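The values are calculated or read from the model by the stated rules, or taken from the named source; none is laboratory data. Note that this is a predicted model, so its numbers are computed, not measured. Cβ: placed from backbone, ideal geometry, glycine included. Neighbour counts: every protein chain shown. Areas reflect the complete protein model, heavy atoms only, side chains present, ligands, DNA and RNA absent. Shrake-Rupley method; radii C 1.70, N 1.55, O 1.52, S 1.80 Å.
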Amino acid sequence: IAADLRLLGRLAAVAEAENNNSLARAQPIGAASLISGNLSSTSDVDYFAISLPAGKTLSALLTPAAGKDFDLLLRNAGGTLIAASQKDGAAVVETLSYVNGGSAAITLYLQVRYFSGGGGAYSLQLGW
């Protein structure tokens, strides 16, 4: 995944925008993005909608603030969990990837959620 995200200087800077607390209210995100986000409380959750082109591999890297443990989940258009990174430990980087092996673009939803350490800031890097 790190190799897929080497070109950080080419990532579009995006600020997470509330209210993106559900699939229905997911914030649309384009390819090659660096999202600055914040979980304002332990009950906050952030969703991002992505259109992954056919034949492409989504790579995602979530870096929480010091002392925070957040999880990174990937859901399909129906809300079903299809991939997850839920490593234990504060400030541990979460990574995941997913291949669209189909012949058409698909809509996917990345979910950032609290696990421990309270709410706080994070960065989420996406590429394909």
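Here's a check for you: in segment 99-111, which residue that is within 18 Å of ASP46 (Cβ to Cβ) and not β-branched (Val, Ile, Thr) is most open to solvent (accessible area, probe 1.4 Å)?
Among them, the one singled out is TYR109.
Kindly indicate whether any position in segment 102-115 is part of a loop (DSSP other than H, G, I, E, B), among the charged types (D, E, K, R) and out of contact with any Gly (no Cβ under 9 Å at 6 or more places or on another chain).
No - not one qualifying residue is present in segment 102-115.
Does GLN86 satisfy being in contact (Cβ under 8 Å) with a residue 24 or more places away in the chain and farther than 22 Å from VAL14 by Cβ?
Yes: the conditions hold for GLN86.
Return the residue satisfying two criteria in turn: it lies in segment 20-45 and is more than 14 Å from PHE115 (Cα to Cα), modelled with pLDDT under 95 and of a type outside the set (A, V, I, L, M, F, W, C), and of such residues it is nearest to the chain's Cα centre (by Cα).
By that ranking, first place goes to SER33.
Which of the residues that make up segment 39-59 are surrounded by fewer than 16 Cβ atoms within 10 Å (Cβ to Cβ) and touching an Asp or Glu at 6+ places or on another chain (Cβ under 9 Å)?
Residues satisfying the conditions are SER40, THR57.
Does segment 13-38 hold any residues that are open to solvent by 40 Å² or more (accessible area, probe 1.4 Å) and among the charged types (D, E, K, R), and which are they?
Result: GLU18, ARG25.
Just to be sure I understand the filter: pairs with C-beta atoms under 6 Å, separated by 6 or more residues or on different chains, first member in segment 22-47 and in contact (Cβ under 8 Å) with a residue 60 or more places away in the chain and at positive phi, second member crowded, with 16+ Cβ neighbours inside 10 Å and of a type in the set (A, V, I, L, M, F, W, C). Which pairs pass?
As it stands, the answer is ALA32/LEU11, since those pairs meet every condition given.
Could you list all residues from segment 112-121 that are closer than 11 Å to LEU72 by Cα and either open to solvent by 10 Å² or more (accessible area, probe 1.4 Å) or without any contact (Cβ under 8 Å) to a residue 24 or more places away in the chain (or both)?
ARG113, TYR114, PHE115
Which residues, taken from segment 84-98, are part of a strand (DSSP E or B) and crowded, with 16+ Cβ neighbours inside 10 Å?
Result: SER85, GLU94, THR95, LEU96, SER97, TYR98.
Could you run through segment 60-83 and say how many residues are closer than 18 Å to SER22 by Cβ and surrounded by fewer than 16 Cβ atoms within 10 Å (Cβ to Cβ)?
Of the residues in that region, 7 qualify.
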